[in-house]
Amino acid sequence: MTAQLSQHLEDMDHEISGLELKIAHQGFRVDGHNGIKSVVGLGNRRSVDYFYVQSNRCRFIEFSDLARGQEDLLGLDESLSKVDSHFHQNQLRKLVKNHARDEMVEKFKDSKDIFQKLPDFYDELPEALSDENAKTFFIVYAPINAELSNAEKAVIARFLETLQTRISNKLEDDICDRVKLVLLDRFVAGLG
């Protein structure tokens, strides 16, 4: 029994609270109880939010609140600096970076497994969704809070740059042609 992939086609929703930006493009919902991963029997796996076809290529799209998570960590740093050593602060930062990297790598790899099952479950796949070539992984993140100091913004920007490099180092080979971190408003304006 096969299904129609069009049942998963929807306006992409970044689901980042407090941001009213609308995305005027549709993608195939991968996660959630009505997502592709449920149909292909991998509902317990982590996944990206959408498969998006652009220029006859599949883009794996993950919307994330990475910058805001780092903003929370900045507040935690202030608390730790009063009671803990510089060593422990660095260890905490390293744990957070490793966790963010590992989570994104796992989401991409599980999404790749989901993607590879598409031909077994869906009729009439677009060429881009039946092509086994490496895929591009877009991690779309919310803007950095404008109210932060320039030093705090720089810390978050460095974190994001480092994260992209670390994810790329784990993924960019035969399973992923490129990892790209994109600011949400830039993604909305030009889809990466």
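FYI, it's all coordinate maths here, none of it is from the lab. Just so we're clear, the structure is a prediction, and the values are computed from it rather than from any experiment. Reconstructed Cβ throughout: ideal geometry from the backbone, glycine too, with neighbour counts over all protein chains shown.
Looking only at segment 161-187, which residues have a backbone nitrogen under 14 Å from a spot 7 Å from the Cα of residue 116 in the C-beta direction?
174-176
With a point put 7 Å past each Cα toward its Cβ, work out how far residue 178 is from residue 124 in nm, to one decimal.
3.1
R0 = 25 Å: FRET efficiency of residue 34 with residue 132, Cβ-based, nearest 0.05?
Working: r = 26 Å, r/R0 = 1.03.
Taking R0 as 25 Å, the efficiency between residue 34 and residue 132 is 0.45.
Mind listing the long-range amide H neighbours of residue 181? Cut-off is under 5 Å, sequence gap 5 or more, other chains count too, H placed in the peptide plane at 1.01 Å from N.
Here the answer is 139, since their amide H atoms fall under 5 Å of that of residue 181.
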